[in-house]
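Participant: I have a structure here, written as structure tokens, and I will follow up with some questions on it.
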Amino acid sequence: MTPIYVGILSSVPPILTIILAILTKEVVISLLAGIFSGSAIYCMYSGNGALTAVKIVFEIMSKSMGENIFIIIFGSMLGALVHIITMAGGSKAYGKWASEKIKSRKLVQISTALLGIVLSIDDYFNCLTVGTVMRPITDKHRISRAKFAYIIDAMAAPVCVIAPISSWAASIVSCIDSVELNGMTLFIKTIPYNFYAILTIIFVFILCFTNINFGPMKTFEHNAIENGDLFTTKSEIPEQEIEEKRSSDKGTAWDLLLPVFVLMSVSVFMMLETGGFFNGGVSIPQALGNTQSGLSITIGAVSAIVVAFIMFVPRKLLTFKMFMDGVNQGIKTMAPAFLILSLAWTMSDVCGELICTGEYISDLASNLHVDSAYIPVFIFLLAGFLSFSLGTSWGTFGILIPVVATVCERLDPGITVIALSATLSGSVFGDHCSPISDTMVLSSMGAGCNHMDHVSTQMPYASLVAVASILGYIIAGITGNALISILTSASFMVILIFVIYKKSESKNINRES
């Protein structure tokens, strides 16, 4: 299918999807509406009928799922692994053990954030693994699933986008290299100016240390702490909690830790192996740039299941039949998330490969005349809007980096580093607010949180950090100084946090009186 440039109509599918998702809280229907509207617009311009529009949707869906099949297999294997570990009593034993070692909600949240930093090699791997490891103990300490999902999400992409050794760095460097700039050198220079990522990390630790909550998150946390309701919007007892109550009492913390360690270590080893590191002549960053991450983490997950089988069945924590039934049930629990994920990928391809949404927004940016000092803040907002519309950070900076590099070369080459940082920063911000973002879906999946609950509670936090980032890019565009910009924007963010928190507290007092 040949892409067709449809102008302003290319913005209809993402806008329609996002508005419907926010109004109805139904992500699947909203995504389907956006996908079919995009296909209909394409067929209207190409002169095809309604039947062709339907055929195109399922052709793109099958292509998207085929390209991302390893993520689906990995998610299935991870769902199976979590389920059998729970059945064997590993999650229960780990939760009890960890509760004895980490005795406060504050330390649990900080530990979750730190684990996100440690696992910054890949955001998909990060979201699902942190969720698996920390969920038993966050549940024990009554941390709402919405708060848990936010910490996971906030310590995934924002950390990966400033980590030189990560799949994100490799992708970004390849985009920079494509416009004949020095990729890794330039990427490292962008890190101090990646304000949204840096401020998000600071923001998370402020919330963890102070237990400040505001916006919709305040309700979720209140219900978790006061009522033991980790979900708020769900009245039924989740299947995972039922299984944990039925699980074996003979399991130990090692029944969770060892399979997860195997998952992590084999995944990292395979990332280096598929990237050619062990063949010689290839550095670790280069290997991560060439790696097949989906295949690598899938092999890691399968290896972990094999280790779990060897640990559980001979010790009679599970019979062979119980183990295989657990694998089947674990895969089934991931089906709703896979549906949303598959539709999000399809939506991204409809906008990107059929009706050229990214090109339309890029053209708008190229045709606007902006003073060079304000290019970074403009690029940040543009990248945020595009990422929000497409639901993908990688797709956004893949589209914008060549455009930004060209515009900066023409207007002011000295602003290139800051503008590229703003591109990466805005891409992560938009991704953090978009209900059709694959990373958002995976964070919801990892935390065991309702997806729209995660979206609605994360958006105010992400928006606050974005406001502070905007100030940072204004100052950076004028001064060119990263230290002054980050200190000013961080100070402004801290003030905003406490002002909003105080206002929310005063409203509660007035309501109670």
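The values are calculated or read from the model by the stated rules, or taken from the named source; none is laboratory data. In this text, all values refer to a predicted model and were calculated from it rather than measured experimentally. FYI the Cβ positions are ideal-geometry reconstructions off the backbone, even for glycines, and counts take in every protein chain you see. Just the protein is used for accessible areas: all its heavy atoms, side chains included, with ligands, DNA and RNA removed. Shrake-Rupley method; radii C 1.70, N 1.55, O 1.52, S 1.80 Å.
Participant: Could you check the simple spin-label distance between Phe261 and Leu411, using points 7 Å along Cα→Cβ, in nm with one decimal?
Facilitator: 5.3 nm
Participant: Then there's this: Cβ under 9 Å from Cys160's Cβ, Cys160 left aside: what net charge do those residues give with Lys, Arg +1 and Asp, Glu -1?
Facilitator: Local net charge: -2.
Participant: Still on this structure, please answer the following. How far is it, in nm, from the label point at Ala335 to the one at Ser62 when both lie 7 Å from their Cα along the line to the Cβ?
Facilitator: Label-label distance for Ala335 and Ser62, simple model: 2.2 nm.
Participant: Say the dipole of the chain comes from +1 at the beta carbon of Lys and Arg and -1 at that of Asp and Glu; which of Tyr461, Ile137, Ile29 then lies farthest toward its positive end?
Facilitator: Of the candidates, Ile137 comes out farthest on the positive side.
Participant: Counting only C-alpha contacts under 8 Å and six or more residues apart, can you give the relative contact order of region 201-352 as a whole percent?
Facilitator: Relative contact order for region 201-352 comes out at 16 percent.
Participant: Mean separation of Cα pairs under 8 Å and 6+ residues apart, divided by the residue count of region 357-513: what relative contact order is that in percent?
Facilitator: RCO, region 357-513: 24 percent.
Participant: Could you calculate the contour length gain from Asn290 to Ser104, that is, 0.36 nm times the residue separation minus the distance between their Cα atoms, to one decimal place in nm?
Facilitator: Roughly 62.8 nm would be gained on extension.
Participant: Sticking with this one: Short version: ³J(HN,Hα) in whole Hz for each residue of region 206-211, in order, from phi by Karplus 6.51 cos²θ - 1.76 cosθ + 1.60 (θ = phi - 60°), x for Gly and Pro, what are they?
Facilitator: 3J(HN,Hα) across region 206-211, in whole Hz: 4, 5, 5, 6, 9, 6.
Participant: In nm², what is the average projected area of the convex hull enclosing the Cα atoms of region 35-106?
Facilitator: Details: hull surface 34.5 nm².
Approximately 8.6 nm², given one-decimal rounding.
Participant: Using Cα atoms only, what is the angle between the long axis of helix 254-274 and the major principal axis of the chain, expressed in degrees (0 to 90) to the nearest 10?
Facilitator: With rounding to tens, the tilt is 40 degrees.
Participant: Ok, one more. Can you give the accessible area of His222, probe radius 1.4 Å, in Å² rounded to 10?
Facilitator: Using a 1.4 Å probe on the heavy atoms, I get roughly 100 Å².
Participant: Across 5 Å bins from the origin, how do the percents of Cα pairs in region 258-329 run, short distances first?
Facilitator: For region 258-329, the binned pair fractions read 4, 18, 20, 16, 14, 10, 8, 7, 4, 0 percent.
Participant: By how many nm would the segment from Asn279 to His222 grow when fully extended, if each residue of separation counts as 0.36 nm and the alpha-carbon distance is taken off?
Facilitator: The span from Asn279 to His222 would gain 15.2 nm if fully extended.
Participant: Then there is this: Grab the other residues whose beta carbon is less than 11 angstrom from that of Leu207, score K and R as +1, D and E as -1, and report the net.
Facilitator: +1
Participant: Just read off the accessible area of Ile474 with the full protein assembly in place, 1.4 Å probe, to the nearest 10 Å².
Facilitator: 60 Å²
Participant: Report the net charge of residues surrounding Leu257, where surrounding means a beta-carbon distance below 15 angstrom and charges are Lys +1, Arg +1, Asp -1, Glu -1. Each step should come with its number before you reach the end.
Facilitator: Details: positive: Lys92, Lys96, Lys101, Arg135; negative: Glu100, Asp255.
The answer is +2.
Participant: Right, something else. Of all accessible surface on the chain at a 1.4 Å probe, what whole percent is carbon and sulfur?
Facilitator: 66 percent
Participant: Can you tell me the Rg and the Dmax, both Å, for the Cα atoms in the chain?
Facilitator: Using the Cα atoms of the chain, the pair Rg, Dmax is 22.9, 71 Å.
Participant: So what are the radius of gyration and Dmax for the Cα set of region 299-380, in Å?
Facilitator: Calculated on Cα positions, Rg and Dmax stand at 24.4, 70 Å.
Participant: When the convex hull of the Cα atoms of region 92-179 is projected onto a plane and the area is averaged over all directions, what value comes out in nm²?
Facilitator: For the Cα atoms of region 92-179, the hull's average projected area reads 5.7 nm².
Participant: Also, I was wondering about something else. Where the Cα atoms of region 397-467 are projected onto their three principal axes, how long is each span, largest first, in whole Å?
Facilitator: Cα extents, longest axis first: 47, 23, 14 Å.
Participant: If DNA, RNA and ligands are ignored and the probe is 1.4 Å, what is the ranking of Lys25, Lys321 by accessible area, most exposed first?
Facilitator: Lys321, Lys25
Participant: Rounded to the nearest 10 Å², what accessible area does Trp394 have for a 1.4 Å probe in the complete protein model?
Facilitator: Probe radius 1.4 Å; accessible area of Trp394 about 100 Å².
Participant: Moving on. Name the residue from Gly426, Thr439, Ser387 whose Cα lies farthest towards the positive end of the charge dipole of region 316-469, charges +1 on Cβ of Lys and Arg and -1 on Cβ of Asp and Glu.
Facilitator: Of the listed residues, the answer is Thr439.
Participant: Give me log10 I(q)/I(0) at q = 0.11 Å⁻¹ for region 1-158, Debye formula, one equal scatterer per alpha-carbon, no solvent.
Facilitator: Here the Debye-derived log intensity ratios amount to -0.65.
Participant: I would also like to ask the following. According to the Kirkwood expression over distinct Cα-Cα pairs, how big is the hydrodynamic radius of region 367-513, in Å?
Facilitator: Computed over region 367-513, the radius equals 16.5 Å.
Participant: When the dipole is taken about the Cα centre of region 309-374, and only Lys, Arg (+1) and Asp, Glu (-1) are charged at their Cβ, what size is it in debye, to the nearest 20?
Facilitator: On the way: 4 positive and 6 negative charges, 201 e Å.
Dipole of region 309-374, to the nearest 20 debye: 960 debye.
Participant: How much area per residue is accessible in region 426-476 when the probe is 1.4 Å and only protein heavy atoms are counted (Å²)?
Facilitator: I get 14 Å² per residue for this part.
Participant: What full-extension length gain, to one decimal in nm, is calculated for Val118 and Ile188 as 0.36 nm per residue of separation minus the Cα-Cα distance?
Facilitator: 23.3 nm
Participant: For Asn48 paired with Ile29, estimate the spin-label separation in nm (one decimal), with each label point 7 Å from Cα along the Cα-to-Cβ line.
Facilitator: 2.7 nm
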